[in-house]
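Just so it is clear, none of the values below were taken in a lab; they were calculated from the coordinates. All of these numbers come straight from a predicted model, not from anything done at the bench. Every residue, glycine among them, receives a Cβ derived from its backbone with ideal geometry; neighbour counts consider all protein chains shown.
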Amino acid sequence: MCGIAGYIDFKKNTSVEVLHRMTDSMEHRGPDGAGYETFHLETAILGLGHRRLSIIDLTKGGHQPKCFEDNWITFNGEIYNFQKIKNELIEIGHSFKSDSDTEVILHAYQEWGLNCVEKFIGMFAIAIFDARNNNLHLIRDRAGVKPLFYYHKEDLFMFASELKAFHEHPSFRKILNRDAVAAFMQYGNVPTPHCIFENCWKIKPGHLLTINIGSGKTHESQYWNVYTTYNQSKWDISYGEAKEKTRELLRSAFEYRLVADVPVGVFLSGGYDSVSVTSILQDDRQSPLKTYTISVPDIGLNEAPFAKEIAKHLGTDHTEIECTSNDAIELIEELPYYFDEPYADSSAIPTTLVSKMAREHVTVALSADAGDEVFAGYNRYDYLLKYGRTIGNIPGVLRKGFAGLMDTIPSEKIPVLRDKYNFHNRYEKMKSILKEPSDEKIMMSLSQQFTNRQIAEIMSHRAELLDTFYESNELRKQFYSPLAYMMAIDYQTYLLDDILQKVDRSTMAVSLEGREPFLDHRIIEFASRLPDEYKYKDGVKKRILKDLVHDYVPKELMDRPKMGFAIPIANWLQNELRYLVEEFCSESRLKEHNLFDTENIQKLLNEFFKGKKEYDMKVWYLLMFQMWYDKWMRSS
């Protein structure tokens with residue numbers, strides 16, 4: 001795991017010192033070493049930079065940027081099946097000087113060109129300079145586990161693992177994309193391929209971007225798409241056969257993620273996803289896996305007892321990491337530095353805390369994200385499949401009338417339910433679902449904090465809606481089901497821009513490599529073609545994965561409500577963090593950039609502090625943007 005950066009300066013003004021600053025701004029991604037190469041070409045100066053976190057081949061053989069014949073590479077990520085590809089290349093005449101996966105990528109590119117990416121099982125953001133053809137290729141992995149930004153304005157092209165690298169270039173113009181600000185306020189992140197800055201984008205997952213250094217022209221192409229297998233007929237196999245095939249695929253994917261020359265651990269929450277990773281890997285293994293669980297008991301986040309019991313049953317070397325609410329709160333002011341684009345998922349707090357503690361013992365940690373997107377685990381799938389049709393059958397007048405009544409009753413006033421996990425936020429979303437319960441509108445209602453109408457009210461300008469993967473119509477009618485629709489959208493949106501961004505920044509902040517075994521592309525290619533009822537049946541989510549886990553862990557150890565990384569945002573904002581809201585969201589601060597309608601924002605804040613806890617995430621999104629703005633626009 002590493003950080004990469006580089007530029008093509010067609011005016012030939014950028015010095016190697018700038019390359020050093022760009023690269024070293026991401027030292028936390030790679031504290032074990034650095035490399036810098038510049039190329040004075042006929043039409044431009046090219047710079048390639050690399051920060052190294054040593055994982056595979058700890059010798060100088062893993063140093064980057066690396067060269068083979070006419071090709072140079074700077075690379076972030078891991079190719080887990082590199083040894084298999086290496087053996088294939090040796091059989092056709094290649095020889096190697098190191099044991100690194102980086103060298104294998106170079107030889108694979110030399111042999112097969114850009115088609116080599118189809119052989120890779122892994123997570124990667126790759127930059128290859130092909131000197132013979134005068135091209136720079138940028139390649140991002142299929143699911144988008146590893147980030148890759150680029151900036152292109154006039155005679156300057158830059159790329160990097162994190163936006164902070166661009167700030168080190170004197171020609172970078174950090175002009176806010178005002179429509180991206182509005183999108184952030186809706187989703188809590190800036191949706192791919194867009195970026196918070198003008199002239200800046202994210203490489204889309206499963207895509208590669210080529211820029212010809214002679215002409216300056218760029219070309220984007222797609223080499224993988226999750227819809228390819230969603231748009232195929234379902235497997236004609238029994239449930240038992242599907243279960244064993246799933247087990248086989250999971251075992252292969254999970255074992256690949258243990259490939260490393262440094263200590264590896266597993267995040268064990270006690271939920272089905274992390275237990276599946278742990279149980280399958282621990283099965284028939286002589287040495288115990290290292291597992292880690294975080295708890296923050298004084299805010300009600302405490303899965304440690306469940307995880308401890310499961311770890312004992314499986315026989316892992318288990319560590320409980322207990323933090324206080326003060327530990328969590330103190331971390332909030334650090335987040336804008338590492339999340340250098342506005343980001344508002346509060347579960348970044350416990351994810352960063354557990355990463356920080358795990359880093360004291362291991363250099364690599366396996367997470368269990370994407371189990372929900374691959375095997376149908378989210379509660380919102382319940383809402384659509386259980387209630388969508390029912391709500392749709394209620395006359396529109398009654399639905400809208402009930403939504404209007406909910407507007408007058410704060411969620412805090414509803415007994416019993418007000419104490420349930422995430423009730424206040426769900427209460428707010430239910431209003432939108434009642435108003436228009438189509439599959440598409442339910443999906444958008446469950447994905448957005450601010451509706452389009454609300455965005456028009458809080459923004460000072462008329463925001464143009466960005467094109468996003470939420471509007472994808474790639475799922476063909478003959479393969480359409482409400483479940484397939486939602487899962488495919490989630491795979492390209494919430495998973496990509498929320499979950500994967502969170503895990504990458506939280507782990508890299510403490511120089512820990514986070515690996516995502518459920519994001520082996522072979523798993524989604526298989527699972528997307530399973531019959532829906534193998535994943536969701538009679539209200540049972542993740543059916544096939546749960547049945548697999550029960551082969552290793554008794555059902556009674558697993559049978560409890562899903563907890564997640566719940567943070568008491570409403571209570572914090574109204575109490576411990578109120579001073580931050582008053583400081584960063586004051587009328588004077590809002591007027592500094594004039595992005596928001598200050599009158600409507602103040603009205604929102606007043607209603608929240610008077611008791612409308614269902615506005616908690618709206619206030620949190622606003623606070624997270626304001627703190628980001630203070631760090632990257634106001635203070636720098």
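Structure values in brief
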| read-out | value |
| --- | --- |
| Dipole of the chain [Lys/Arg +1, Asp/Glu -1 at C-beta], most positive-end residue of Y470, H219, L366 | Y470 |
| Surrounding net charge for E309, when Lys and Arg each add one and Asp and Glu each subtract one, Cβ distance under 14 Å | 0 |
| Under 10 Å, Cβ to Cβ, from R178 - net charge with Lys/Arg +1 and Asp/Glu -1 | -2 |
| Lone cysteines, the chain (no partner Cβ under 4.7 Å) | C2, C67, C116, C323, C585 |
| Linear extension gain, K60 paired with H361, 0.36 nm per residue minus alpha-carbon span | 106.0 nm |
| Rounded FRET efficiency, nearest 0.05, which uses the C-beta distance separating E464 from E592 and R0 of 22 Å | 0.45 |
| Antiparallel bridge percentage (DSSP; both residues within region 256-408; nearest 5) | 15 |
| Between region 454-531 and region 146-193, the Cα center-to-center distance that results, in Å | 19 |
| Theoretical gain in end-to-end length, K413 to R476 [0.36 nm per residue, Cα-Cα removed] | 18.3 nm |
| Amide H contacts of G144 (H built 1.01 Å from N, under 5 Å, at least 5 apart or other chain) | G206 |
| Cut-off 13 Å between beta-carbons: net charge of the residues surrounding R132, Lys and Arg +1, Asp and Glu -1 | -3 |
| Region 346-353 - phi-based ³J(HN,Hα) in whole Hz, Karplus 6.51/-1.76/1.60, Gly and Pro as x | 5, 5, 4, 5, x, 5, 5, 5 |
| Cα centroid of region 556-617 to Cα centroid of region 17-73, whole Å | 41 |
| Residue-span extension gain [D382 to S15] - 0.36 nm each, minus C-alpha spacing | 126.6 nm |
| Cα-centred dipole magnitude for region 2-224, charges only on beta-carbon of K, R (+1) and D, E (-1), debye, nearest 20 | 540 |
| Distance between modelled label sites at R173 and R522, nm, 7 Å Cα→Cβ extension | 4.9 |
| Given charges at Cβ of Lys, Arg, Asp, Glu: region 2-224 dipole, positive-most of F96, M185, L46 | M185 |
| Rh (Kirkwood; distinct C-alpha pairs) - region 58-217, Å | 16.9 |
| Calculated FRET efficiency for the pair I329/K400, C-beta based, R₀ 41 Å, to 0.05 | 0.55 |
| Given charges at beta-carbon only (K, R positive; D, E negative), |dipole| of region 109-158 in Debye | 180 |
| Cβ-Cβ FRET estimate between E457 and D70, R0 fixed at 60 Å, reported to 0.05 | 0.60 |
| Given charges at beta-carbon only (K, R positive; D, E negative), |dipole| of the chain in Debye | 1460 |
| For region 192-198, 3J(HN,Hα) per residue [Karplus equation, 6.51 cos²θ - 1.76 cosθ + 1.60, θ = phi - 60°, Hz, x = Gly/Pro] | 4, x, 7, 9, 5, 9, 5 |
| Virtual spin-label span in nm between L114 and K555, 7 Å along Cα→Cβ | 5.1 |
| Cα gyration tensor shape for region 462-565, rounded if a/c is under 1.5, else prolate or oblate | oblate |
| Theoretical ellipticity at 222 nm over the chain - DSSP helices of four or more residues, -39500 (n - 2.57) apiece, nearest 500 | -11000 deg cm²/dmol |
